[in-house]
Each structure stands twice: as C-alpha cells, then as structure tokens.
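Taking it in order: structure first as structure tokens, then the write-up.
The values are calculated or read from the model by the stated rules, or taken from the named source; none is laboratory data. Because the structure is a prediction, the values reported are computed rather than measured. In this analysis, Cβ positions are derived from the backbone assuming ideal geometry, glycine residues included, and neighbour counts consider all displayed protein chains. Just so you know, the surface numbers come from the protein's heavy atoms only, side chains and all, with ligands and any DNA or RNA stripped out. Shrake-Rupley method; radii C 1.70, N 1.55, O 1.52, S 1.80 Å.
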Amino acid sequence: MAILYMVATPVGNLQDMTFRGVEILKGVDIIACEDTRQSAKLLNHYGIQKHLISCRARNEKQSAPGIVKLLDEGKNIAYVSDAGTPVLSDPGRLLVRQCRDAGHDIIPIPGASAFSTLVSVCGFHGKSFHFEGFLSPKSGKRKKRLQELLEREESFMIYESPYRVIKVLSEIGEMKPEREILLGREMTKKFEEYIEGTADKLIIHLETGNHSKGEFALLVSAEKKG
C-alpha cells in the first residue's frame, strides 16, 4: 500500500525544515498542499520539483477522494500546510480520515509548529497547556469561549490575525486584567518578537509600534493559586 506522509514545514524560517522532511518531499511521487504557491517557495528553496495538487480548507472535501485514488494507484504522497504542522489549526484532518478509512498508512514527519515554538520560551508555571487555535470572528461566540478558557486551570494558546489581536487582548483584559500573556509575532523570522505582560501592557506595545504584520500566537497563563 502507498503511504501518505504528513510533513511539518517551517513556521517562518525556511532553515527550520528537518533533514527527514526534505528527504520525504524529494522522494514522494506527489505533494498535496494547502496553498501550492506558498509551498512552491519552500520547494524551490530546497531544489525540489514535484507535481503539486491543492488540498485546502475550502476544497478538502472534494480533493481528499482524489488523493485516496492516487494512493490506491500506488503513488506515495506528502501533505504540507502553509506553515507548521498539518491539522494543528490547518487543513488535513478530513484527508487523514479518508486515507485511513481506505486502509492506507499515514506517517507523521514531525517538525515546527507555532504552538511548540511559543511554549518553549514561556516559562509559565504548570505542566499542562490547552491549545485552542483560532477563536470565532463573531464577538459573542469569541467572548463566551474566552470566558470558558480563562476559567480553566491551565495555560491556553490562541492564534490571532493582526486585524483582531488588539480586540482579543482588550476582551481578555476586561475579564482577567491580571493575567500574564506571552505574545509571539513573526516567529523564527527576521523581525520576530516575544513580549510578556498583561493585556493592557501588550495593547500599548502594539499600538505604539509597527506591529501590524504577521499572525500572532498568544499564550495566556493559568490563574495562580494561593
């Protein structure tokens, strides 16, 4: 049976690609991508030329059966999302489900993720972390979920766009103004930054500088007991 490889890719710095990941991408017959244009930048960097097919959130339902058919024909396929680890707030879940149901082996090729990158430099107390990913863009649903997350007993991580990050920080500040937050922006890239503080402090930092580019990762600390 052919194999589907779920390959983690760099979250920003192309040098963070693993040796094994490069070899897998060189060796497979086809590479399925969240965005073929974005993946082409990585492949060009490593001199990899492969047939690319699209499998993103909007077409995964239609694309997955075609990938299963290619596996049935004996073609080994790698799947990559735009950055980081597939399925971790990225497409790929439906593809994995259909390939496994069809009896194909699915092999993970681990590597970078924004989640593990930020956790490694947080220094927050506690040994457990909840990964939430992107919150709802709808204000009511987002606030309700934030309230639930803030009542949990472990730190949690959310991803946010530059267009809503200040709004989300303001909502956290209204609910739990004392909570420490570690903000990561442009992680692993030339202008990466990691800022820790309360929501109010981070809002001031974002409003007084040129910090409008790149997606943000926010790790919100657990409430200290006693």
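With a/c under 1.5 counting as rounded, go ahead and sort region 79-182 into rounded, prolate or oblate using the C-alpha gyration tensor (a ≥ b ≥ c being the square roots of the eigenvalues; past the cut-off, prolate if a/b is larger than b/c, else oblate).
Because a/c hits 1.5 or more and a/b exceeds b/c, region 79-182 counts as prolate.
Note the full-extension length gain between Glu73 and Arg152 as 0.36 nm times their separation in residues minus their Cα-Cα distance, in nm to one decimal.
23.7 nm
How high is the FRET efficiency from Ile53 to Met1, r the C-beta distance, R0 25 Å, rounded to 0.05?
The calculated FRET efficiency here is 0.80.
To check my understanding: the extent here is largest minus smallest coordinate of the Cα atoms along each principal axis. What are those three numbers for region 12-115, in Å, largest first?
35, 27, 22
Sorted from largest to smallest, which semi-axis lengths in Å does the alpha carbon gyration tensor of the chain give for its equivalent ellipsoid, taking the root of 5 times each eigenvalue?
In descending order the semi-axes read 35, 19, 15 Å.
Stretched out fully, how many nm does the piece from Gln38 to Gln15 gain, at 0.36 nm a residue minus the Cα gap?
Extra length available between Gln38 and Gln15 comes to 6.7 nm.
Could you tell me what fraction of 2.2 N^0.38 Å the Cα radius of gyration of region 151-204 comes to, as a two-decimal ratio?
For region 151-204, the normalised Cα radius of gyration comes out at 1.15.
Mind giving me the nanometre distance, one decimal, between the label points for Asp29 and Ile106, set 7 Å out from Cα along Cα→Cβ?
Distance between the two pseudo-spin positions: 2.0 nm.
What distance in nm separates the simple spin-label points at Arg164 and Glu196, each placed 7 Å from Cα in the Cβ direction?
Here the answer is 2.7 nm between the modelled labels.
Over the chain, give the accessible area per residue in Å² for a 1.4 Å probe, as an integer.
About 53 Å² of surface per residue is accessible.
Given the pairs Lys61/Lys141; Lys41/Lys69; Lys69/Lys141; Lys143/Lys189; Lys41/Lys141, which are separated by over 29 angstrom at their Cα positions?
In this structure, Lys69/Lys141; Lys143/Lys189; Lys41/Lys141 lie more than 29 Å apart at Cα.
Between Lys141 and Lys189, take the C-beta separation as r, use R0 = 22 Å, and let me know the FRET efficiency to the nearest 0.05.
Efficiency, from the Cβ-Cβ distance: 0.10.
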